[in-house]
1. At 7 Å along the Cα-to-beta-carbon direction for both Ile86 and Asp72, put a label point, then send me their distance in nm to one decimal.
2. Going by average Cβ neighbours within 10 Å, how do the peptides 185-191, 61-67, 106-112 rank, with the highest at the top?
3. Quick one: dipole size for the range 45-86, taken about the Cα centre, charges +1 on Lys/Arg Cβ and -1 on Asp/Glu Cβ, in debye to the nearest 20.
4. For the range 36-52, in order, what is each residue's ³J(HN,Hα) by Karplus, 6.51 cos²θ - 1.76 cosθ + 1.60 with θ = phi - 60°, in whole Hz (x at glycine and Pro)?
5. Give the aspartates and glutamates reachable from Lys192 as a straight Cα distance under 14 Å; neighbours fewer than 8 places away on the same chain don't count.
6. Hey, can you grab everything whose amide H is under 5 Å from the amide H of Cys66? Only 5+ residues off in sequence or another chain; H modelled, so Pro and N-termini drop out.
7. Evaluate the distance, in nm, between pseudo-label points positioned 7 Å from the Cα of Asn165 and of Asn117 along their respective Cα→Cβ axes.
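Computed from the coordinates by the stated procedures, all read-outs in this text should not be read as laboratory data. Just so it is clear, the structure is predicted and the values come from calculations on it, not from any experiment. Here the Cβ is made from the backbone with ideal geometry for all residues, glycine too, and neighbour counts use every protein chain on show.
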Amino acid sequence: MKTTQFNFSKIVSTAKYLGVAALFIGGLATFSGCATKGCTDETASNYDATATEDDGSCLDAGIEGCMDATSDNYDATATVDDGSCIPARDKFIAAYSCQEVCGPDNYTYNMTIVSSNSGALKVIIQNLGDFSTQVDALATVNGSNITIDAASYNNVSFTGSGSLNGNVLTLTYTATDNASGQSITCTITGTKQ
């Protein structure tokens, strides 16, 4: 039987070193095992503030802006809709103080443009022409332009178009008597009140 002599102080010193190393390695293993994986890039659209380890899932945050091509503030470069869209029709919606030239006559009256439930670009022109009965005309907005889609009153049809420049609406319409075929063209200059 072979006997071996041990240096006790060397064994204790080595055991202490190995114990610290084991704790250190164990700590790394524990840290790695407890990592929360996710996107750690703060500029990414799917950034995860709780993630401690990037898992490669980060997405480009993109360019925020209005992505509705019919809106006044449409941004063709936007890749993320930020909810800032301003519908084109909104700039038309108001009460107007109107001066109208219709044939040889001049008229002064009030007219109102309100939104329509018919579509995002649709408005209703209320009191078009200030006739004895209120004529409401459905119209379509395209940028700063407006086109009357449909309006009729007492067998008279209305067509026309115009534009908004700042607070001034210029609208030319034709009223046609459906029975006789006679028509008259009128021009309204309306200022937002």
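1. The two pseudo-label positions are separated by 0.4 nm.
2. Details: 185-191: 17.9, 61-67: 15.9, 106-112: 14.1.
Ranking, from highest mean packing down: 185-191, 61-67, 106-112.
3. Working: 0 positive and 11 negative charges, 27 e Å.
The calculation lands at about 120 debye.
4. These are the phi-based 3J(HN,Hα) values: 9, 7, x, 7, 9, 8, 4, 8, 7, 5, 10, 4, 10, 5, 8, 6, 10 Hz.
5. Asp90
6. Asp75, Asp82
7. It works out to 3.7 nm between the two label points.
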